[in-house]
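Q: Okay, handing you the structure first.
The values are calculated or read from the model by the stated rules, or taken from the named source; none is laboratory data. Everything numeric in this text was worked out from a predicted model, so none of it was measured. Using ideal geometry, Cβ is built from the backbone for each residue, glycine included, and neighbour counts are taken over all protein chains shown.
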């Protein structure tokens with residue numbers, strides 16, 4: 001046994017030293033092995049967790065974006081189609097107004113003197129004016145109808161000046177003359193000062209209106225003088241079955257074209273397709289959705305791309321929702337919504353690759369954060385291992401204590417982190433910093449990286465949740481508006497349970513969340529029942545607000561004891577006094593003297609009422625129409641009287657009933673309406689309305705309801721002897 005520097009070689013001290021040395025080497029070996037295994041396991045867990053979170057993020061993001069795109073595109077496309085169709089619906093209304101004026105004019109021709117008319121004058125260029133043209137060889141001074149229709153000059157001029165949509169409005173006579181209102185007088189005068197001839201009866205709008213015998217819209221064509229693309233709405237006028245005039249209005253389509261061109265951005269665009277499946281307007285210069293002239297444009301319904309052809313066909317019939325279709329080698333989200341007035345459709349397209357960009361960017365950011373965190377962890381782990389080995393060798397006497405401290409400092413946080421990461425699930429996906437990770441080394445850096453990534457993921461999900469909640473709030477408010485509007489109308493039946501002299505029932509089904517139609521009935525006093533049926537121009541929230549104001553005015557004037565004509569006159573005066581939005585309402589208003597059955601009524605441009613006298617059948621009562629309420633100041637309305645006998649019935653309605661349209665674009669019509677009423681002559685008012693709604697639904701089937709359905713039925717029973 002030798003002693004060297006105080007250490008006994010071969011003695012107990014050496015054995016203890018050797019035992020400690022073996023123990024420390026074994027401890028270091030075990031620690032290194034455990035660290036390597038844990039580091040390898042943690043790396044695999046981190047990688048697997050990263051892949052699972054990437055997959056989850058991609059799925060949630062893609063599903064959320066698709067839901068958001070679907071809701072946004074569907075509503076936006078429907079709104080764009082509604083706005084575009086509203087333009088043509090207004091033009092249709094204008095032409096129907098001209099047709100009504102012309103019919104009244106010819107019906108009372110002997111009461112109107114010949115009105116002066118003049119050819120175009122260059123001095124009026126740029127100034128709204130009424131002017132006359134004719135075909136070659138036609139002498140306008142010998143025209144039988146021109147002097148009579150010239151009495152419409154003021155109404156045409158007013159209609160043109162008060163519309164920012166009309167290019168012109170006109171009335172043409174069968175002898176080759178045309179009277180029109182516009183502001184382009186200089187366009188019709190040649191350089192030598194002569195007025196250009198105008199082939200009235202050869203124009204497509206004249207031929208189509210005469211052949212159809214009803215209001216028509218032409219296809220898109222070039223204006224005869226300006227060469228600008230537009231279309232014409234025209235309607236024939238008959239007197240005793242003879243064609244006496246053709247009225248109409250035309251509009252330029254430059255506004256729609258310019259708007260469509262501005263929609264090409266960020267991989268999306270809007271285009272307009274006509275009833276023949278041809279692209280009329282599009283911002284695209286190439287590809288399937290390129291706009292071309294009708295003679296060259298292909299019918300997309302017959303496209304070799306069967307999915308696209310089916311989509312175009314469906315979009316012309318009704319709203320399609322959002323569909324994913326590959327066009328020209330790229331996948332697009334497509335949504336279509338029809339324009340019922342013309343039979344066209346608006347198509348919105350968004351390239352799917354654009355909607356995937358947020359997901360791709362988020363996954364890239366996630367990869368960058370994950371790679372950085374993993375690199376920091378591995379580098380720190382390597383440095384920690386080297387430091388532990390060096391420190392263990394340097395302090396052999398404190399090796400055991402040092403090993404335990406290092407194990408507690410390094411192994412335990414890693415094990416805890418591993419367990420926490422393994423416990424993350426879809427609902428519990430939040431990784432938070434804990435005290436055990438606050439080691440002031442790479443373990444803390446790795447934990448902070450995971451916490452930051454978890455926070456960003458949670459914030460993104462919160463934003464998506466808030467967006468979804470906002471959309472649900474808007475839907476809730478529209479539903480509340482629908483209930484408020486319904487509560488404004490009489491809706492408790494029987495309406496007058498203590499009155500046996502009559503029975504009344506009414507209903508309204510709006511085409512949108514809220515509508516513009518309304519009905520009303522109320523007792524002015526014990527012996528007078530007031531009934532109202534009205535239809536406000538337009539649809540949606542603006543029409544609903546105008547409807548509420550009109551309803552209140554009508555009922556207020558009625559309760560003062562005025563006659564129907566006085567009620568309409570007073571209401572028209574009040575509305576015209578502050579009607580900057582140029583809205584109007586058609587109204588039928590009647591007051592029934594309950595004790596005698598005398599019904600006094602007035603009509604402001606509304607549909608004909610339907611009457612059944614006791615022992616007879618339901619027939620249209622073609623009463624005289626006054627002008628619409630809100631259309632023109634100073635209008636005086638006339639009223640008429642009917643005597644209802646016990647058993648007589650009255651049916652009132654808005655144009656949503658006869659103009660209900662099926663998928664073949666056929667109208668329900670007044671003929672079918674009368675047939676339905678006459679099938680059950682003994683039906684009570686509530687049953688009458690239920691039968692009518694069933695008949696309309698059976699006719700329309702799957703076609704979309706584009707106008708409000710409003711009806712009112714009255715049965716007069718007279719004094720009932722108990």
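Q: Taking the condition within 29 Å of residue 94 (Cα to Cα) and out of contact with any strand residue (DSSP E or B) (no Cβ under 9 Å at 6 or more places or on another chain), does residue 691 pass? Step through it out loud before you land on a result.
A: Working: within 29 Å of residue 94 (Cα to Cα): no; out of contact with any strand residue (DSSP E or B) (no Cβ under 9 Å at 6 or more places or on another chain): yes.
Judged against the criteria, residue 691 is not a match.
Q: Further, regarding this structure: Could we say that residue 244 is assigned by TED's automatic domain parsing to the domain that holds residue 174, in contact (Cβ under 8 Å) with a residue 40 or more places away in the chain, outside any helix (DSSP H, G or I) and over 30 Å from residue 329 (Cα atoms) here? Don't jump to the end; show me each part of the working.
A: Details: assigned by TED's automatic domain parsing to the domain that holds residue 174: yes; in contact (Cβ under 8 Å) with a residue 40 or more places away in the chain: yes; outside any helix (DSSP H, G or I): yes; over 30 Å from residue 329 (Cα atoms): yes.
So residue 244 passes the test.
Q: Being modelled with pLDDT under 90, in contact with a helix residue (DSSP H, G or I) (Cβ under 9 Å, 6 or more places away or on another chain) and not in a loop (DSSP other than H, G, I, E, B) is the requirement here; does residue 506 meet it? Full working, then the answer.
A: Details: modelled with pLDDT under 90: no; in contact with a helix residue (DSSP H, G or I) (Cβ under 9 Å, 6 or more places away or on another chain): yes; not in a loop (DSSP other than H, G, I, E, B): yes.
Criteria not met by residue 506.
Rundown of residues vs (1) without any contact (Cβ under 8 Å) to a residue 24 or more places away in the chain; (2) part of a helix (DSSP H, G or I); (3) closer than 30 Å to residue 357 by Cβ, yes/no style:
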residue: 232; (1), (2), (3): no, no, no
residue: 235; (1), (2), (3): no, no, no
residue: 249; (1), (2), (3): no, no, no
residue: 257; (1), (2), (3): no, yes, yes
residue: 269; (1), (2), (3): no, no, yes
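Q: Right, here's the next one. Check segment 687-698 and report whether any residue there is within 30 Å of residue 102 (Cα to Cα), in contact with a helix residue (DSSP H, G or I) (Cβ under 7 Å, 6 or more places away or on another chain) and crowded, with 22+ Cβ neighbours inside 10 Å.
A: No, there is no match, as no residue in segment 687-698 is within 30 Å of residue 102 (Cα to Cα), in contact with a helix residue (DSSP H, G or I) (Cβ under 7 Å, 6 or more places away or on another chain) and crowded, with 22+ Cβ neighbours inside 10 Å.
Q: Residues that are assigned to a loop (DSSP other than H, G, I, E, B) and free of Cβ contacts under 8 Å to residues at least 24 places away in the same chain: does segment 689-698 have at least one?
A: Scanning segment 689-698 turns up no residue that is assigned to a loop (DSSP other than H, G, I, E, B) and free of Cβ contacts under 8 Å to residues at least 24 places away in the same chain.
Q: Need the failing condition index for residue 295 against (1) touching a helix residue (DSSP H, G or I) at 6+ places or on another chain (Cβ under 7 Å); (2) at pLDDT below 90, just the number.
A: (1)
Q: Of these, 319, 337, which one is touching a helix residue (DSSP H, G or I) at 6+ places or on another chain (Cβ under 7 Å), more than 20 Å from residue 63 (Cα to Cα), part of a loop (DSSP other than H, G, I, E, B) and modelled with pLDDT of 85 or more?
A: Numbers: 337 fails: part of a loop (DSSP other than H, G, I, E, B).
None of the other options fit; the residue is 319.
For (1) in the same structural domain as residue 626 (by TED's automatic domain parsing); (2) closer than 16 Å to residue 711 by Cα; (3) modelled with pLDDT under 95, each residue gets a yes or a no:
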position	(1), (2), (3)
511	yes, yes, yes
514	yes, no, yes
527	yes, no, no
533	yes, yes, no
546	yes, no, yes
557	yes, no, no
569	yes, no, no
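Q: Among the residues of segment 133-152, what is the count of those that are within 19 Å of residue 250 (Cβ to Cβ) and crowded, with 21+ Cβ neighbours inside 10 Å?
A: We begin by selecting, within segment 133-152, every residue within 19 Å of residue 250 (Cβ to Cβ); these are 133-135, 149, 152.
From the residues that got through so far, the ones that are crowded, with 21+ Cβ neighbours inside 10 Å too are 133-134, 149, 152.
So the count comes out to 4.
Q: Do you know which residues across segment 648-686 are within 29 Å of residue 597 (Cβ to Cβ) and surrounded by fewer than 16 Cβ atoms within 10 Å (Cβ to Cβ)?
A: 671, 675, 678, 679, 680, 681, 682, 684
Q: Taking strands (runs of 3 or more DSSP E) that fall entirely within segment 122-216, which contain at least 2 residues that are over 18 Å from residue 95 (Cα atoms)?
A: 129-134
Q: If the requirement is being surrounded by fewer than 16 Cβ atoms within 10 Å (Cβ to Cβ) and touching a strand residue (DSSP E or B) at 6+ places or on another chain (Cβ under 8 Å), which of these qualifies: 593, 633?
A: 593
Q: Right, next: Modelled with pLDDT under 70 and surrounded by fewer than 17 Cβ atoms within 10 Å (Cβ to Cβ), is that true of residue 400? It would help to see each step written out before you state the result.
A: Working: modelled with pLDDT under 70: yes; surrounded by fewer than 17 Cβ atoms within 10 Å (Cβ to Cβ): yes.
Yes; evaluated as a whole, the condition is true for this residue.
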